[in-house]
1. Quick check, is C:V640 more than 11 Å from chain A (Cβ to nearest Cβ), surrounded by fewer than 22 Cβ atoms within 10 Å (Cβ to Cβ) and among the hydrophobic types (A, V, I, L, M, F, W, C)?
2. Within the stretch A:154-188, can you find the residues that are polar (S, T, N, Q), within 14 Å of chain C (Cβ to nearest Cβ) and either in a helix (DSSP H, G or I) or touching a Pro at 6+ places or on another chain (Cβ under 9 Å) (or both)?
3. Take the stretch C:399-453 and flag every residue that is within 30 Å of A:Q235 (Cβ to Cβ), assigned to a loop (DSSP other than H, G, I, E, B), touching a residue at least 40 places away in the same chain (Cβ under 8 Å) and not charged (D, E, K, R).
4. Can you name the residue in the stretch B:124-138 that is part of a helix (DSSP H, G or I) and more than 8 Å from chain C (Cβ to nearest Cβ) and is also nearest to the chain's Cα centre (by Cα) among such residues?
5. Please report, ordered by residue number, the helices (runs of 4 or more DSSP H) entirely within the stretch B:173-270 with at least 2 residues that are under 30 Å from A:R108 (Cα atoms), within 14 Å of chain A (Cβ to nearest Cβ) and out of contact with any helix residue (DSSP H, G or I) (no Cβ under 6 Å at 6 or more places or on another chain).
6. For residues that are buried (at least 23 other Cβ atoms within 10 Å of the Cβ), out of contact with any strand residue (DSSP E or B) (no Cβ under 6 Å at 6 or more places or on another chain) and assigned to a helix (DSSP H, G or I), tally how many sit in the stretch C:86-106.
7. In the stretch C:543-580, how many residues are of a type outside the set (D, E, K, R) and assigned to a helix (DSSP H, G or I)?
Amino acid sequence: MRTPGGVLLDFRDVHTHYGALHVLKGVSYEIREGEIVSLLGGNASGKSTTMKTVLGLVRPSEGTISFRGQPIHELRTSEIVKRGIAPVPEGRRVFPRMSILENLEMGRYTRRSEPGWDEDLERVFGLFPVLRDRRHQLAGTMSGGEQQMLAIGRALMTRPALLCMDEPSMGLAPRLVEEVFDIIREINAQGTTVFVIEQNVNMALSIAHRGYVLQMGEVVLTGSAAELLESPLIQKAYLGSGA
Amino acid sequence: MSGLDVVLQQVVNGLALGMMYALLALGFTMVYGIIELINFSHFSVFMTGTFVGLTVLDLMGVTAVSRSLSGLPLVATLIALFLVTMLVTGLLGVLIERVCLRPLRNVSGTAPMITTIGVAFILINLMLLTFGPQAQRFPSLLPNWRWPLMGTAEITFKQLVLFAVGLVLMVVLSHLVKRTTLGKAMRATAQDADAARMMGIDVDRVVVLTFFLGSALAGAGSLFFGLYYGFTGYYIGYTTGLRAFTSAVLGGIGSIPGAVLGGLCIGLTQSLGGQLIGVKWTDVMIFSILIFVMVLRPSGLLGVRAPQKA
Amino acid sequence: MRGLGARLGLDRWRALPLSRRRQILTPVLLGLGLLFPVLTGNAGNVDAAANAFTYVLLALGLNIVVGFAGLLDLGYAAFFAIGAYGYGIAASGQLKPEWSGFWAPLEWAGQVSRLVVPGQADSVQFHFTFWPMLAVSAIICAIFGMLFGAPTLRLRGDYLAIVTLGFGEIVPVVARNWEGLTNGAQGLGGIRTPRLFGFDFGFSPYPYYFLGLGLVAAAVWVSIRLQESRVGRAWMAIREDELAAGAMGVDHVHYKLLAFAMGAAVGGLGGTFYVAKLTTATPDMFTFPVSVMVLVMVVLGGLGSIRGVVLAALFVAFLQSVILQDLTEYVHALGRLVGSAALQKVELITSLELIFGIILVLMMIFRREGLWPAVRKVSALTREQQTAAPSRGTAVDLEWARPEPAGGPGRPLLEIAGLRKSFGGVAAADDITLTVHAGELVSVIGPNGSGKTTLFNLVTGLIRPDAGSIRLEGREIGGRAPHEIVTAGVARTFQNIRLFNNLSVMENLLVGEHARLEAGVLGAIFRPPWVRREERRAVERALEGVAIFGNRLLPRLDHPVYGLSYANRRRTEIARAIMTRPKVLLLDEPAAGMNPAETLELMDLIRAFRGLGITIILIEHKLDVVMDVSDRVVVLDHGVKIAEGAPAQVRYDERVIEAYLGRRRRAA
């Protein structure tokens, strides 16, 4: 069902609650095949909840989420991942007391009975040579930047259709952030659709095709990356309107 | 000079005991590692295992035969005994998880632990009511060969068999956990359950598997008890359990090598301590170790995570 | 069901205020208790009831530890044992030390006698009087309670339980093995029975019954008094959320030890009473299953519910002494009826522990709050109150919340210098220096992960700084315990709202006043006039505190806070913080989750707090609001202060914009 340019992920009118708090208030966006789409927002915008909702860790109280036309918002996480969505979680969440190789093996868990381990591994090592050098090192002993590479590599092991990245720039020095975003562009060029949830507007829009801006649980702005970068509204959305 | 062989004897005895505690502690620590639950019922499953073993031997007609077996029939009997008992205790563990613990999976605090205390009491009393309060003789399957080591110290065939079986089980477990994908999924779940879910790992199934393995190991440990001591009773889960629990905590709760190390340490403490200070004080010694570890070094000898205040 | 209740008058009963219900119930229950022996006319029943009182005492004692303070003690039987053996050793011939001058005053007081045996050294015969031993037992147990509790202070719930289990095991083992002291497994015998004005209690159950009734009544009274006092509120705060309790000024070390001590003391009373009646004490009476039995009583009745645990204890006692026997008879009869030999042989009493196990499992899975949970005085909203338009409060004029002037506004109040904190090699606070002047409103802003909440946590004592200093009015508070910092005058709210969920709005606010009140245990129990006055004023102030939000919280004062709307929970938290009468108030994202109207209202309130002279430090993401209300704005990024100044200045600062939006990319 691969329709180049067709809609891969359709997030429609989703509301979520955290206890009594209404977090997402009717959020809609779509991601088309081959794109890099960025969901932007500051603190308390609700963007962290978005990825959890896509992955099934949080259930929407209203609205639907569809992947390749099939609803996924009521499926279990393991099911959703099997269908081709791979997460790079906020804060990396690598398995600290397992080696790089073992982490990558876990990344490929849903395809563990399928052949192609060597090719998948090579592809990841090709993108991240530092992982090849340290393949037996325990993930918990690596630096933040290296863990981020591992987290991305781990997600790529399933050859996902959609790579979901939650705040890849968090906690990284600016130079590393640039490197990471260069790699994201590379991954996209190799054929993976990428969904980047980010706080760092400029970096995200430098690689995305399109973007959505979230504020207080609602989408307040959307457009192509170029449009958004030019727009004075972005600064307003983040820093508030002038006195 | 003559004191040394006494010490050596106690070391040999202690290591054999330690094997048993290690097997029991392993199952307990695996469950803790994955769902952070102190599972009291684990030790009652252990106790139940001895009765399962008794029943199996009864059904195989072994208890009726008064001479001990040797050679191929012995090996076959042992294998059958271990396999069946471990299977039954494993399933018992799974049953406990599904019925009593899964409904409480998202409840924080001590409610799940209290539930395991209840389950422990239920198991203990079911055995008491079924088999009666008096100690039951466990058939001595293994011939009573012994070999001198030094002076009066000797090592028995029983102890060698237990060492061998224990080592085999631990090697198998180690291979399972370190090298198979399923074992790695278990480790991943213990380290970060949400991230494991995001990898597509079915955490519920991993929990069930952990309970099965842990309880099966308890079953193996229970047979050690029966074969080594030659008896069993409804109350054995209690004393042996607390010692295995201390082993797990001492070694580092959640750590598999820690459980083995802890078990051996406690076994040695029991036999050497019993020799030097007096058998009736071993309980106090072991409890004191427990309290000291929990208060001064909660992460134990090899543990990685100290249990944090919520 | 409802019809029956109404016909029985239950509705009218529930409509009565709690104090009235108590006024009616107390004499009725006491009367029934006193008349019971006469009514039943059967000495066997009186004896069973007297024994049951021991169970009730134990349950009430454990209820203080587990129910009020939330500390799971699995070794409670240890205190039962210490109380029992304490009296047993003092009142039997077990110990026979050699006579020396040391014993002379006790001999004069009639507590010991000098035994003269020809051919041997003179020895001491113990026969301490029961009545002072009651007090001595309680004190000794209280000390042991603190001893056993001390190692557990920093432990998590399940670990705490295990350590107490350990102590609970050591005591009977010591009792079994220290034969010189306790006569080992055989147990103590020949313990003297109590005497009152020459009358020896002997083996008749009646005097023990009345003694037990008296002890239970006293224990119930003390429990109720404690529960409804500053001490009880501190315990419940710790139970609900220890971190937040500390942030409201509750010293968790002090109150946990107090809970262990009081719970142990009551257990010791139970032990002394039991052994005086039984005239014997053996180690088997105090093993782990006994601790579990007491736990079963508390779990069955309801953790923290005094009437619940009393009823459950009576039930368990009668289960053991009467009910199971009777049931066994029925089962035997049934067996004869259907011709089943197995049924005829069943002895249900041996399955007592099985029943306990089943109770624990069922209660935990299906009804964790117990069968008779504590009465929550929840007043239903009247129709008017439900439909009333929420009104804003009038001007905030809480005079008692005005911080004492010391040097006037404008002087430096909070001085942070060179503050550093790292987590795992990453600097969450990197050399932060900031001075906040009295009466100012300073806002701290910055992107996610910039260290704002870490700064709050450092100032309020939740985490210790690696380096640097924090001074309040010139005195160093960096690294001090949270409750000390609250007492010094710093209060806070939390980003994700940490209220005491099962407590009512009023109770939450009263905990906020904890640091400003003084009633201790004795004051709680005896309620002298000054304590009554203190409580009354505390309630008055709480009402005023709630009134700043108009009529939003007023009708809900008795409601447990878990049921409130998000905005009301936030309001409760802010009111609670004000009750600590802070000099500096730290608000962590107070407007999160609020709609624009609510946000505006909140900002008015914050301005009103300023009007009272309270200095405010605010973390907020709604930057419009921040710019509007602040005197100064401080911007953090990656733990570093990157900008500081007037709002207008800061919002157009290049570095600030870059921190939020990210650096523009180098040309590719």
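The values are calculated or read from the model by the stated rules, or taken from the named source; none is laboratory data. Just so it is clear, the model here is predicted, and its values are computed rather than measured. As a convention, Cβ positions derive from the backbone with ideal geometry for all residues, glycine included, and neighbour counts pool all protein chains shown.
1. Numbers: more than 11 Å from chain A (Cβ to nearest Cβ): yes; surrounded by fewer than 22 Cβ atoms within 10 Å (Cβ to Cβ): yes; among the hydrophobic types (A, V, I, L, M, F, W, C): yes.
So C:V640 fits the description; yes.
2. To start, the set of residues in the stretch A:154-188 that are polar (S, T, N, Q) comprises A:158, A:169, A:188.
Filter again for within 14 Å of chain C (Cβ to nearest Cβ), leaving A:169.
Those that are polar (S, T, N, Q), within 14 Å of chain C (Cβ to nearest Cβ) and either in a helix (DSSP H, G or I) or touching a Pro at 6+ places or on another chain (Cβ under 9 Å) (or both): none in the stretch A:154-188.
3. Result: C:G446, C:P447, C:G449, C:S450, C:G451.
4. Among those residues, the one meeting the criterion is B:M127.
5. On the way: elements: B:181-191, B:193-198, B:203-229, B:236-251.
Ranges flagged: B:181-191, B:193-198, B:203-229.
6. 2
7. Step one: list which residues in the stretch C:543-580 are of a type outside the set (D, E, K, R), which gives C:543, C:545-551, C:553-555, C:557, C:559-568, C:572, C:574-575, C:577-580.
Filter once more, so that each one left must be assigned to a helix (DSSP H, G or I): C:543, C:545-547, C:554-555, C:561-563, C:566-568, C:572, C:574-575, C:577-579.
Adding up the residues that qualify gives 18.
Conditions (1) away from chain A (no Cβ under 13 Å); (2) more than 19 Å from C:G439 (Cα to Cα); (3) surrounded by fewer than 23 Cβ atoms within 10 Å (Cβ to Cβ), marked per residue:
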| site | (1), (2), (3) |
| --- | --- |
| C:H559 | yes, yes, yes |
| C:Y562 | no, yes, yes |
| C:S565 | no, yes, yes |
| C:R576 | yes, yes, no |
| C:T580 | yes, no, no |
| C:L585 | yes, no, no |
| C:E598 | no, yes, yes |
| C:D604 | yes, no, yes |
